[in-house]
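One structure below.
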Amino acid sequence: DLCPSVKNILLLDSEGKRVAVKYYTDDWPTNSAKLAFEKSVFTKTQKTNARTEAEITMFENNIVIYKFVQDLHFFVTGGEDENELILSTVLQGFFDAVTLLLRNNVDKREALENLDLILLCLDEIVDGGMILETDASVIAGKVATNILDAGAPLSEQTISQALATAREHLTRSLLK
Amino acid sequence: MAQPLVKKDDDRDDEAEYSPFLGIEKGAVLQEARIFNDPQLDPRRCSQVITKLLYLLNQGESFTKVEATEVFFAVTKLFQSKDIGLRRMVYLMIKELSPSADEVIIVTSSLMRDMNSKTDMYRANAIRVLCRITDGTLLTQIERYLKQAIVDKNPVVASAALVSGFHLLQTNPEIVKRWSNEVQEAVQSRAALVQFHALALLHQIRQNDRLAVSKLVTSLTRGTVRSPLAQCLLIRYTSQVIRESSNVQNGDRPFYDYLEGCLRHKAEMVIFEAARAITELSGVTSRELTPAITVLQLFLSSSKPVLRFAAVRTLNKVAMTHPMAVTNCNIDMESLISDQNRSIATLAITTLLKTGNESSVDRLMKQITNFMSDIADEFKIVVVEAIRSLCLKFPLKYRSLMNFLSNILREEGGFEYKKAIVDSIVFLIRDIPDAKESGLLHLCEFIEDCEFTYLSTQILHFLGIEGPKTSDPSKYIRYIYNRVILENATVRASAVSTLAKFGAMVDSLKPRIFVLLRRCLFDSDDEVRDRATLYLNTLGGDGTVVETDKDVKDFLFGSLDIPLVNLETSLKNYEPSEKPFDISSVPREVKSQPLAEKKAPGKKPTGLGAPPPGPTSAIDAYEKLLSSIPEFSSFGKLFKSSAPVELTEAETEYAVNVVKHIFDRHVVFQYNCTNTIPEQMLENVIVIVDASEAEEFSEVASKPLRSLPYDTPGQTFVAFEKPEGVPAVGKFSNMLRFIVKEVDPSTGEAEDDGVEDEYQLEDLEVLAADYMLKVGVSNFKNAWDSMDPDTERVDEYGLGPRESLAEAVSAVISLLGMQPCEGTESIPSNSRSHTCLLSGVYIGNVKVLVRLSFGIDAQREVAMKLAVRSDDEAVSDAIHEIVASG
């Protein structure tokens, strides 16, 4: 099959524990296989600096692209023949969308408190391995619409403020 | 490189441990889910409970069937709420629960209502959920809506339908294929992602129709594809079309201009995809490669590790086949050696080692030294192997390469890594005479502190062969004797043998060696004492300085030219008696196939019936069989028996194969026949051989097979006389002749009257290779050097265009019928040249060694240099004749 595909997206904490994960293939059929993969990916990458730019490694015939912020570790895995830059775009989309949705307070606690947003975010990025959307503001927009219409603001800041911050953040990152 | 940002602060520990899911418990959450049944729903609370359920599933918790069903039914109640946020969580929950078919029916109507909603988000998500959980029957009902959704003006809805179609194509291809008109329309969408999804689905629908794919590619490469992802797809489809179109030979490659144009695209992923596609074109020319290499080179200095990695990985692959094309990137590549990302650094190093020139070696080695300490063993092995091939490329640079190897040998490392280094040093010593003395000393130092018994014994053995030939052999004795004092029994025994070899070769050292060997007589281990005793006796350990016999030297240094399996079998069969065991009675033929020939597809055994127990060599059994037949008993000693050659196709009425038995003056064909027709009984079975195309052969005897019942293999033989000792060749045509009798299936009895019949078999050839025994040598170089150089015959041959180097090598090996030595029959993929070492014994008991050097060029033309040494010049010439006429 020639279509680019994503094998999994992982969000782990600074000890390698799951915050939210989504697997799209049968490469790791059981939960223990998944945990073993997460553990080795975490161990292999934890000493690297993946904070300013996304980093990359080859691992068990897979390409893993990853980025860390605070106590959160973001990973996207694809097959060894996959175009690295496509996987990197997926990671960037996930990372930026989470940043937008958590209003720049990206850490484990905030992620767990807004786990529904993280899970919806994963659902909007990849469907069964096929890339759905990679533009962070579109992803965050799709996830946030629900919250907006639900009329249930997450905390002190309203969602329109959040989106404004998000847009500002995006413009800034584009200007860089 | 520890992270300053994730300092673990004890004061913050409690806070860090805080989680909204702290102490969460499945039973309690399932209880909480009962609020889904409340008449007055609280959307916010319901969302929270769903999040908790999803959290549990995400952490690897699983629900029992009953629990899952209960949750599912409760969740379906939530469709009553108009809250969009809650609905979104409901969709997610249903997908995670993957409901069974009867459960799906419950939510179908709710989801179908949402599919027709005015709210885009409902439509998009309902489509994704329904397609995920549905089976084929429901699909026909919703097909109409899906087709509409594909061309929906909202891109999210269109993408949802297209991606769902992509997944459904696996299970319901006939339905999805009916949507191609809509999908084709969606390919023209202005929304980037819709275009990508539509293109992926359209290609998937048409993937088995080459012409359609080719048309799709032709039209889209001319048009405008907006989405970078769609552009990447198109590049992949284009490469596929290029691969499948055959006319690459002359003129311009189709679609190359399109790929080259993509190198100027604004999205990096497209540029890279195109560059990679160009480097992977089959038979790519350097002109075609250049623009791709140029963009990859720019990526090498990117600030993004992902770009650098992608570029260096691709260039590394290119360097295997087109090293010259990559040399332009060497400067950028060198700066990557210090890259923070070790994967990038390793790829850069190995690329440089493939492309580097002689003048850059020293600098390169210096840089690698700094880098080796902080990479994993698996990377180190890759580097060591790259260095080994570099040594052979630049033998003048052995000094810095040897230094590098000896330095890393002293550092920490696992067995595989150390073995790779030792192998490389041995390689250098063998191929570069100047490197010998320093290399041996490095190895000596290494065994002083080596924890791997295997490596110590290998090095001691190697030292025994190479050490005595150096200018000052005495300096190695200390290292060797230290092993006798300090090591385990295996290494001690090995060291004793090495001492003996020094004693045998260097007369001046003899008295001292004897002293050391005598000390070993008191060793606690049997093997060590036995070896010491044996060597003292063979070397004449009475202290007199005499020159060692040639026989003794042969014993100590000669390679054991008998396959160990054969020796083991012979020793087992030896019965203690007055007659000592005679090593020359051990068969030398390397066992290639067990006696009971396997008939390719069927299970029925053919050939000689029951397989003999144990690994007794086939030739033993053949010899016994043939000598039991009076007609052949006078033919003398059997020289060689071939592997069975099939003379019939598989699954025919009669299965026949033949084994060629070669004697000095005779050739016997043994036809193994099987009758596969239950209703028939064959009698007086014989093969009529026409030898008109084998002039030097004349038929002398034949032995028919009296009867051949169904499924019971039997043999018939035909013998020919040929000139003595001459490797006569020829072609024989065969006709199976027999009397066939009907068999009554109920009683199994054959009728009295039979009919004479014939059955045409395939032709059979006696080849030069039939006169060659596969006999290996353990150390080819020693064996080669010990043969008279005057018998050497060298010539060069063009083998024409070949599929691959490996194919050419194996063709020559099977033409000569010789034993490949030292694993040289296996060729690393992508090699442009290869040396293969062969050994064998030619009829008349003439030892033959062959050194083959192969090279392949870009047009797959293979050239071969063949050097032969043998005990008899005439045989050396004969080998060349075989190749020249083959």
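The values are calculated or read from the model by the stated rules, or taken from the named source; none is laboratory data. No experiment lies behind these values; they were computed from the predicted model shown. Every residue, glycine as well, gets a Cβ built from its backbone with ideal geometry; the counts of neighbours run over all protein chains shown. The accessibility values were calculated without ligands, DNA or RNA, using every heavy atom of the protein model including side chains. Shrake-Rupley method; radii C 1.70, N 1.55, O 1.52, S 1.80 Å.
Note on B:Ile331 and B:Thr294: the extension gain reaches 12.0 nm, defined as 0.36 nm multiplied by sequence separation minus the Cα-Cα distance. Each stretch of four or more DSSP H residues adds -39500 (n - 2.57); spread over every residue of chain B, this sum gives -15500 deg cm²/dmol at 222 nm. Other protein chain C-beta atoms within 10 Å of residue C-beta, averaged over B:267-273: 4.
Averaged across the residues of A:104-113, what count of C-beta atoms belonging to other chains lies within 10 Å of each residue's C-beta?
Per residue, the number of nearby Cβ atoms from other chains is 2 on average.
Between B and A, roughly 5200 Å² of accessible area is buried in total, ligands, DNA and RNA not counted and the probe set to 1.4 Å. Counting only alpha carbon atoms, the long axis of helix B:305-321 and the longest principal axis of chain B meet at about 30°.
Its residues counted as N, region A:1-76 yields a C-alpha radius of gyration over 2.2 N^0.38 Å of 1.06. Among the listed pairs A:Lys17/A:Lys47; B:Lys660/B:Lys741; B:Lys637/B:Lys703; B:Lys95/B:Lys147; B:Lys380/B:Lys419; A:Lys67/A:Lys108, those with a Cα-Cα distance over 18 Å are B:Lys660/B:Lys741; B:Lys637/B:Lys703; B:Lys95/B:Lys147.
What pairs from B:Lys572/B:Lys640; B:Lys475/B:Lys774; A:Lys44/B:Lys393; A:Lys7/B:Lys177; A:Lys7/B:Lys65; A:Lys34/B:Lys82 go past 30 Å between their alpha carbons?
B:Lys475/B:Lys774; A:Lys44/B:Lys393; A:Lys34/B:Lys82
Restricting to Cα pairs below 8 Å that are 6+ residues apart, what does the relative contact order work out to for chain B? Please round to a whole percent.
Rounded, it is 4 percent for chain B.
Rg/Rh for region B:401-477 (Cα atoms only, Rh after Kirkwood) is 0.93. Dipole size of region B:114-202 about its Cα centre, with +1 on Lys/Arg Cβ and -1 on Asp/Glu Cβ: approximately 120 debye, rounded to the nearest 20. Net charge dipole, region B:174-276: roughly 60 debye, given to the nearest 20, about the Cα centre with Cβ charges of +1 for Lys and Arg and -1 for Asp and Glu. Under the criterion of Cα pairs below 8 Å and six or more residues apart, the relative contact order for region A:1-154 equals 24 percent. Shielding value for A:78-85 is 5, the average number of Cβ atoms from other chains within 10 Å of each residue's Cβ. Note on B:Glu653 and B:Ala863: their simple-model spin labels are 5.5 nm apart, each label 7 Å out from Cα toward Cβ. For the Cα atoms of chain B, what angle does the longest principal axis make with the long axis of helix B:526-538, in degrees from 0 to 90, nearest 10? Taking the Cα atoms of chain B, the angle to B:526-538 is about 40 degrees. Highest-first packing order for the peptide set B:362-373, B:626-637, B:454-465 is B:454-465, B:362-373, B:626-637, based on the mean count of other beta carbon atoms within 10 Å.
Relative to the dominant Cα principal axis of chain B, helix B:342-355 is inclined by about 50°. Distance between the C-alpha centres of region B:490-522 and region B:22-48: 84 Å, rounded to the whole angstrom. Peptide packing: for B:270-277, B:671-678, the average count of neighbouring Cβ atoms within 10 Å per residue gives the ranking B:270-277, B:671-678, highest mean first.
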